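Right, one structure below, let's go through it.
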Amino acid sequence: GPYRMDPHDNVLLGSVLSQGYSCKTVLWEGCRTLFYTQGEYKAGSPHGCISRPHQVVTNEMGQLRLKWHPACDSLYEPVNLGGFEDISDGRWGSIGQWEKEGESVLGRCDGDWAILPTRATLKDGCIECTITLKDARSAGLCLRLGGKDIMSGGLAILLDGCQQQLILTRIREFPGVEARTFLLERNRPYCLKITCTGNVVNVYVDEELWIQCYEPCAPAGRAALFVEHGSASFSSFRVRREQGS
């Protein structure tokens, strides 16, 4: 000691629906590794299991943080996306402009929000992309899009430059599901990584865990890029499926 609470930023992990409690750390191969009780709801009753491992690290201010554990990479295998599907003809709602910019994709939607979906359907897996907000209100990734049409049933994880938040919500009603204050800089790249196993979703920014929650959603569907009110750049887009899913 002495030990003190940081009044400005004291959340290591936590969520609604009994998610993220009863933590324990162990030293494994020289790395301080954390596991926690992961809440899930099945057959109308609460159940729990042990989470996947996370690295315990400290940031430049000495605050404890959880990061992606490299051992988890072995759980996933690459997916052939079959490219993106251009839906800018308005069949599915708002129209965006998507242009190849070197190795990146530049997305723009001036008056509303728009998505650019992949052609592949994913159940359990990991989606990653480096996102740079230019003048967009928000930008991010969607997963498990599908159902009656491409625009239904999915989740959206957004970097919101106006509210200065990292937000987990649902297409297309956009209810408030989960949010963390995130001091976002424009024209700076952020690596957004999302894992989804069943209805348990983990969200990482630059390998650091920011959101982990239980959120019922479609059992499978497409991944997509998302942009709202302005432009954003997307690069290093990668989708991997959980082995055996």
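The values are calculated or read from the model by the stated rules, or taken from the named source; none is laboratory data. In this text, all values refer to a predicted model and were calculated from it rather than measured experimentally. Note that we place each Cβ from the backbone using ideal geometry, even for glycine, and neighbour counts take in every protein chain shown. What goes into the accessible areas is simple: the full protein's heavy atoms, side chains included, and nothing from ligands, DNA or RNA. Shrake-Rupley method; radii C 1.70, N 1.55, O 1.52, S 1.80 Å.
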Practice item. Kindly flag which residue pairs out of Lys67/Lys100; Lys24/Lys193; Lys134/Lys193; Lys67/Lys193 have an alpha-carbon separation exceeding 22 Å in this structure. Key: Lys67/Lys100; Lys24/Lys193
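Please compute the length gained on full extension between Cys72 and Glu103, using 0.36 nm multiplied by the number of residues separating them and subtracting their Cα-Cα distance.
8.5 nm
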Exercise for review: Calculate, for the range 63-132, the solvent-accessible area per residue in square angstrom, rolling a 1.4 angstrom probe over the heavy atoms of the protein chains.
Suggested key: 49
Point to revise | Fraction of accessible area attributable to carbon and sulfur, the range 133-245 (%, probe 1.4 Å) | key: 46
Study note, to complete from the structure: Reported to the nearest 10 Å², His47 has, with a 1.4 Å probe, an accessible area equal to 100
Check your understanding: So, counting K/R as plus one and D/E as minus one, what does the shell of residues with Cβ under 10 Å around Ala232 add up to?
Key -> +2
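Calculate the dipole size of the chain relative to its Cα centre from +1 charges on Lys and Arg beta carbons and -1 charges on Asp and Glu beta carbons; express the result in debye to the nearest 20.
It works out to roughly 500 debye.
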Practice item. Mind checking which of Phe174, Cys142, Ala120 is farthest towards the positive end of the range 107-174's charge dipole, using Cβ charges of +1 (Lys, Arg) and -1 (Asp, Glu) about the Cα centre? Key: Ala120
Revision key, fill the gap. Note: probe point = Cα of Tyr41 + 7 Å toward Cβ; backbone nitrogen < 15 Å; residues of the range 177-210 passing the test are 177-178, 199-201
